[in-house]
1. Just give me the residues in the range 47-92 being assigned to a helix (DSSP H, G or I) and among the β-branched types (Val, Ile, Thr), in sequence order.
2. If we only count helices (runs of 4 or more DSSP H) wholly inside the range 116-186, which ones have 2 or more residues that are among the hydrophobic types (A, V, I, L, M, F, W, C) and at pLDDT 90 or above?
3. Give the number of residues within the range 37-57 that are of a type in the set (D, E, K, R) and either buried (at least 16 other Cβ atoms within 10 Å of the Cβ) or within 21 Å of Ser133 (Cβ to Cβ) (or both).
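The values are calculated or read from the model by the stated rules, or taken from the named source; none is laboratory data. This structure is a prediction, so every number in the text was calculated from the model and none was measured. For neighbour counting, all protein chains shown are included, and Cβ atoms are generated from backbone atoms with ideal geometry for every residue, glycine included.
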Amino acid sequence: MGGNLKGQPLLGPRAAARSEKPEKQHYVPKFWLRLFGHGDGNGLIWGHDKVSGETRVRSVNRSAAADDYYAVNYPDAERDMALEREFSKLETYAAPMIKALAGLRPGHHPLAPLTMDLPAGWVALSYARVPASIDRNLAMAKFTVAVETDMLLRNPEKYRRRSRASDAEVLLRVQLERKDGHGGYR
């Protein structure tokens, strides 16, 4: 199980939001957007809308953000903002290094292997948390479920056996079904 920077569970008990008013949450961190800013420190950046084709100046506070983007709304509890809080902690931790790396001139700048983990993880998370990436992942998950369901329904008895089996039994059975006599797979 993952943990936060102090080794505590990443998503502990449901932590309710302080208010029911939606919060603006950034999928591109504000500290990163500010690095591309201009003007007299007002936090303005140029933004391009891919749909309309319009390019204009926007505030960092209103860019790359959506209301309650990371909020989880449980039917039996209040809005859970734990994910937003954990991302905020990670951004606070990563920001000094990311800013330092962004300020380097082009060239070779070796990092110790353990030092590389933080910017690499931050870049991977930054890619994975934007709306387009989330939409692609959801589409792939739906496709995978549809294909597997179709495959299982072609053989109802096999479907019933798998639905009653434990995860370990299913994994073992699938591996045995795929394996041919020569150690390869069909």
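1. Taking the range 47-92 first, the residues assigned to a helix (DSSP H, G or I) are 60-62, 82-92.
Within the range 47-92, Val60, Thr92 meet the criteria.
2. Helices (runs of 4 or more DSSP H) meeting the threshold: 131-153.
3. Kept after step one, since they are of a type in the set (D, E, K, R), are these residues of the range 37-57: 40, 49-50, 54, 56.
From the residues that got through so far, the ones that are either buried (at least 16 other Cβ atoms within 10 Å of the Cβ) or within 21 Å of Ser133 (Cβ to Cβ) (or both) too are 49-50.
Counting residues in the range 37-57 that are of a type in the set (D, E, K, R) and either buried (at least 16 other Cβ atoms within 10 Å of the Cβ) or within 21 Å of Ser133 (Cβ to Cβ) (or both) gives 2.
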